[in-house]
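First the structure, in the form of structure tokens, and then the observations on it.
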Amino acid sequence: MKKYFKIVFVIILCYWAQTALGQDTIPLNTSYSFEVNFVEGYTYFWWFTNEKVESTPLFSTTNSTEEYLWDTPGDFQIQCQAKDKNGCLSEVISKAFVVVDVDQQIFVSAGRDTTIGTCLPYRLQATVSDSAGITYLWEPADQLDDPTILNPMFTPGSTTTFVLTVTSPKGISVQDSVTISVSEIVAEAGDIVMEKGTAAMLDGTASLGKDIQFLWTTSDGNIVSDDTGGNPVVNSAGTYYLEVTDSYGCVATDSVSVSWVIYAPVATDDYDTTTLQTEVTIPVLTNDYNPGGDLDPSSLSIQQYPVNGSVYINYEDYTVTYVPESGFTGSDVFEYRVCNLYELCDNAHVYVLVTHLDFFIPQAFTPNGDGVNDSFEIIGIETYEGNSLTVINRWGKKVYEAQNYGISTTPKFWDGKWTTGGGNEDLPTGTYFYVLDLRNGQKPIAGSVYIDR
């Protein structure tokens, strides 16, 4: 018959109970209690060891609480072990503490919490009750000139809480802490653009600091008003400088670039005519402009060449000459580009109508009554029955309109008067734009004509 043995492992737990005073430091000649958790039926063994690891047993064998008169200064460890009714023992638990002679105890103050500026170093204001043989350690040590003296110098960085540990010759350490808040100062003002001839308001109100004061200056701009406020008024492009000063005397600066609004040029399509195998020179820049500035004529370039001819730029006057291919008649087109001095550019097209020799649209006429070239005479228009002509000024207003132009119109050809709307007044010198529909199944002809009085 086999015999079986049942082995039961019993774990005895013993741990410190919550104590009212923490028991980390005990005044000399004072009775203090230590306590572990109580379990019914357990027996407790208490003893303590000193700095030399000499063991001294205490009296209690049944209580989970032990009280003792601590009449010797120094570093100690109180220890306890529990035993249950089966004789099983718990782990030994221990707690370190210091018995201090109050007459020799150190009192330390790390100083009052304070706020400082970013621009000046600050000496920490710690005090101790007795400095004989005392050692000091400040943590963190960053930005302190010497973390091992009582009153080191702090170079402001960010807000920091420092802990001062003071240790006596007998190894007794005491701590205190102090928070040094650093008041941030930042000058903040953004760049702006403005229209010429106007005023604008700068904005420094996003700047940070305690009770900051503003001062704006410039060497190449102009401040109209409020150079000591957060929003000065300026009326000129340039570089402006913001200086802010806080209540600690610390200064921060920023610069603002104020520039004019720069517009791109506007290139306008051109229309012209020529006859078979006859080149034509076109002043393509005449109707182009740059808002608030000047064009750069030297930037004129051809972007797309014509299919049925060739073009070249005349750099002496920045016109473009179109040369039709031999035998070609009809419509052709090319594209050019012009820029301003800021290298902003625009493109436009030039439409050229190449006609037979018996049809010609003039580019200009002089209605001054001298009997020479006084009207907009289109040679060969009589062969296009039912044609229509519309003329507008550069603002898009219609100034002349006719059906069967040059056939049944009176006068036969336009004499440069504003006849729409019941008027009959002379138009001023300038460029005007026309659309001529020959009603021949082809696209209407668009172009410009110059009146020179």
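Per-residue Karplus couplings for the stretch 44-54, computed as 6.51 cos²θ - 1.76 cosθ + 1.60 with θ equal to phi - 60°, are listed in order as 10, 10, 10, 7, 9, 10, 9, 5, 8, 6, 7 Hz, Gly and Pro entered as x. Here's the picture: charge each Lys and Arg Cβ at +1 and each Asp and Glu Cβ at -1 in the stretch 270-355, and of 282, 301, 331 the one pushed furthest to the positive end of that dipole is 331.
In terms of the Cα gyration tensor, with a ≥ b ≥ c the square roots of its eigenvalues, is the stretch 25-102 rounded because a/c is under 1.5, prolate because a/b exceeds b/c, or oblate? Here the stretch 25-102 falls in the prolate category. Dividing the mean sequence gap of close Cα pairs (under 8 Å, 6+ apart) by how many residues the stretch 234-307 holds gives a relative contact order of 24 percent. Here are several values of Rg/Rh (Cα atoms, Kirkwood Rh): (i) 1.14; (ii) 1.51; (iii) 1.06. Which one was derived from the coordinates shown? Checked against the structure: label (ii).
Looking at the stretch 25-102, what % of its DSSP beta bridges pair antiparallel, to the nearest 5?
Values: 24 of 27 bridges.
In the stretch 25-102, DSSP labels about 90 percent of beta bridges as antiparallel.
Multiply the residue separation of residue 417 and residue 227 by 0.36 nm, subtract the distance between their alpha-carbon atoms, and state the gained length in nm to one decimal. Could you put the intermediate results ahead of the total?
Working: separation 190, 0.36 × 190 = 68.40 nm, distance 5.72 nm.
Extra length from residue 417 to residue 227 when fully extended: 62.7 nm.
Computed from the C-beta positions of residue 132 and residue 109, the FRET efficiency with R₀ = 22 Å rounds to 0.80. What the phi angles of the stretch 376-387 give under the Karplus curve with 6.51, -1.76 and 1.60, with θ = phi - 60°, is a coupling list of 7, 8, 9, 6, x, 5, 5, 7, 10, 5, x, 5 Hz, glycine and proline written as x.
In order along the stretch 275-280, the phi-based Karplus estimate (6.51 cos²θ - 1.76 cosθ + 1.60, θ = phi - 60°) of 3J(HN,Hα) comes to 9, 3, 6, 10, 6, 9 Hz; Gly and Pro are listed as x. Taken along the Cα-to-beta-carbon direction at a fixed 7 Å, the label points for residue 201 and residue 38 span 7.6 nm.
Amide H to amide H, with H built 1.01 Å from N, residue 328 comes under 5 Å of 277, counting only residues 5 or more places away or on other chains.
Which of the trypsin sites (Lys or Arg not before Pro) found in the stretch 157-248 are in a DSSP loop and have at most 13 neighbouring Cβ atoms, other than their own, within 10 Å? Don't skip to the answer; put the middle values down first.
Values: sites: 170, 196, 210; in loops: 170, 196, 210.
Here the sparse-neighbourhood loop sites are 196, 210.
Antiparallel beta bridges, as assigned by DSSP with both residues in the chain, represent about 85 percent of the total such bridges.
Across the stretch 389-441, C-alpha contacts under 8 Å between residues 6 or more apart give a mean separation that, scaled by the residue count, equals a relative contact order of 39 percent.
Each Cα pair under 8 Å and six or more residues apart adds its sequence gap; the mean of these over the residue count of the chain is a relative contact order of 8 percent.
Answer rounded, prolate or oblate for the stretch 108-182, using the Cα gyration tensor with square roots of eigenvalues a ≥ b ≥ c: rounded when a/c is under 1.5, else prolate when a/b is larger than b/c, else oblate. Because a/c hits 1.5 or more and a/b exceeds b/c, the stretch 108-182 counts as prolate.
Cross-link pairs exceeding 23 Å between alpha carbons, from the set 52/85; 398/443; 52/83: 52/85; 52/83.
None of the figures in this text is laboratory data; all of them are computed from the coordinates on show. This one's a predicted model, so the numbers in the text were calculated from it and none came from an experiment. Because the Cβ atoms are built from the backbone with ideal geometry, glycine has one as well, and the counts that use them run over all protein chains shown.
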